[in-house]
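Here's the structure we're looking at; comments come further down.
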Amino acid sequence: MGKYFGTDGVRGIANSELTPELAFKLGRFGGYVLANQTERPKILIGRDTRVSGHMLEGALVSGLLSIGAEVMRLGVITTPGVAYLTKVLGAQAGIMISASHNPVADNGIKFFGPDGFKLSDEQENEIEQLLDAGDDLPRPTGAALGVVNDYFEGGQKYLQFLKQSVDEDFTDIHIALDCANGSTSSLATHLFADLDADISTMGSSPDGLNINDGVGSTHPEALSAFVKEKGADIGLAFDGDGDRIIAIDENGQVVDGDYILYICAKHLQAEARLQQSTVVSTVMSNLGFYKGLEELGIQSVQTAVGDRYVVEEMKKNGYNLGGEQSGHIIFLDYNTTGDGLLTGLQLVNIMKLTGKPLSELAKGMQKFPQTLINVRVKDKYHVTDNEKVEAIIEEVKAEMNGNGRILVRPSGTEPLVRVMVEAATEEKSEAFANKIVTVVQEEMGLPAEE
């Protein structure tokens, strides 16, 4: 991660950390780098429903116009919608204004290259260098100044693409939608209604302030109650910018990204469409997920936490399915990034094709009980080379005898070491985790807060 760019763009509290001044510079310098000396670069901009979106969009547009860009404003749309349209419209770059599942006060700016993929570390570094240097970029005048147009039809173009990814209509399937009062609020309703599904919606009345507020993929309990209330066959909960999805089965049970990946992998494998019989996931996926894939004869590859690392691995080795437990599911045959609407379509389509309820589709995978404990420490990175911590991890692994999993890693954002343990029973999971935590605390922990 750089000075400005994190694992998913530039984020911060809007108008405090992520200011309009910074957004102007990101538009100016980011546009310049991605334009790659194109005389009149075409740049797309989308946003979610946060109140700060208009402010940051205006600043970004000004920065882009100052380098002579042709800006196309997409309005409220999903992050994967921006990625898709950037590629198919032949734009030099796409920009999404969103902080995804974060609270309303936060916002973020993320870039896509002309191929629809997120930027490489090298491209982000080049933009950061310009941000910290003096501004000596060209300043066109007169007719050479940039222009801005609205392209709100982009959302319809994106929906048409999504509908073409399935062959079936969804007649006689009742779908409950939780749109997190975010980017999918209008899109999801139109998409599933056009496919003749019976739909019930919640979290689809954004007011600029209620995005992710007790709804969406980070609060699946809300949709669980709604599914049972409405008697729906399936619930689909999206996050604020629509790149994640968590499902709810007909009994109100949560079906997270691991289950969704498992179901989709099994289906693609049966149709001989799973490239190299391999699925890519992060190290946070449950051990039960990996065991479930093994029983199907499907291989798995693990990456660091973050959907960008999943996509990098997929591109590098030609895999077409990957994702995260949190609900980023990537179908590279269709789009270049996690896409909640696309994933929801594929999941409902599998139900339609098989005639099976979601609970039955998920049955082949049994999750291992998981314990996650955060330990406040002096130096979180020291955990990777501490001999006593390493010794206790090896001791616990020996006790598990292959029937469990341990992950001890520094937090990406806080002064914490995260200790995650999965085992055959909840009791064992908690006992093993506490055994490791005790040593981490003794070796590098901070005193407990008063």
Out of all the residues in the stretch 283-302, is one or more at pLDDT below 95, surrounded by fewer than 19 Cβ atoms within 10 Å (Cβ to Cβ) and under 21 Å from Ser217 (Cα atoms)?
yes
Please determine whether any residue of the stretch 351-360 is assigned to a strand (DSSP E or B), modelled with pLDDT of 90 or more and under 30 Å from the mean Cα position of the chain (by Cα).
no
Considering the stretch 191-237 alone, what residues qualify as being aliphatic (A, V, I, L, M), farther than 23 Å from Lys356 by Cβ and surrounded by 23 or more Cβ atoms within 10 Å (Cβ to Cβ)?
Ile211, Val215
With the structure loaded, tell me whether Thr343 is modelled with pLDDT of 95 or more, not in a helix (DSSP H, G or I) and not basic (Lys, Arg) or whether it fails that test.
no
Those residues of the stretch 43-58 that are surrounded by fewer than 23 Cβ atoms within 10 Å (Cβ to Cβ) and of a type in the set (A, V, I, L, M) come to a total of 2
Run Ser165 past the list (1) within 18 Å of Asn349 (Cα to Cα); (2) open to solvent by 20 Å² or more (accessible area, probe 1.4 Å) and report the number of the one that doesn't hold.
(2)
Among the candidates Gly58, Gly53, Gly146, Gly90, residue that is touching a residue at least 12 places away in the same chain (Cβ under 8 Å), closer than 30 Å to Asp333 by Cα and of a type in the set (Gly, Ala, Ser)
Gly90
Test of understanding: among Lys388, Lys378, which residue is open to solvent by 60 Å² or more (accessible area, probe 1.4 Å), touching a helix residue (DSSP H, G or I) at 6+ places or on another chain (Cβ under 8 Å) and at pLDDT below 90?
Lys378
Residue pairs qualifying under the 9 Å Cβ cut-off, at least six apart or on distinct chains, with the first in the stretch 25-38 being touching a residue at least 12 places away in the same chain (Cβ under 8 Å) and farther than 12 Å from Leu137 by Cα and the second being among the β-branched types (Val, Ile, Thr) and open to solvent by 10 Å² or more (accessible area, probe 1.4 Å), are Gly27/Val61; Gly27/Ile67; Ala35/Ile67
Could you tell me which numbered condition Gln366 fails, if it satisfies all but one of (1) among the polar types (S, T, N, Q); (2) loosely packed, with under 13 Cβ neighbours inside 10 Å; (3) in a helix (DSSP H, G or I); (4) at pLDDT 90 or above?
(3)
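The values are calculated or read from the model by the stated rules, or taken from the named source; none is laboratory data. Bear in mind the structure is a predicted one, so any value in this text is a computation, not a measurement. Glycine also receives a Cβ, built like all others from the backbone with ideal geometry; neighbour counts cover every protein chain displayed. Keep in mind that these areas ignore ligands, DNA and RNA; they rest on the heavy atoms of the full protein, side chains included. Shrake-Rupley method; radii C 1.70, N 1.55, O 1.52, S 1.80 Å.
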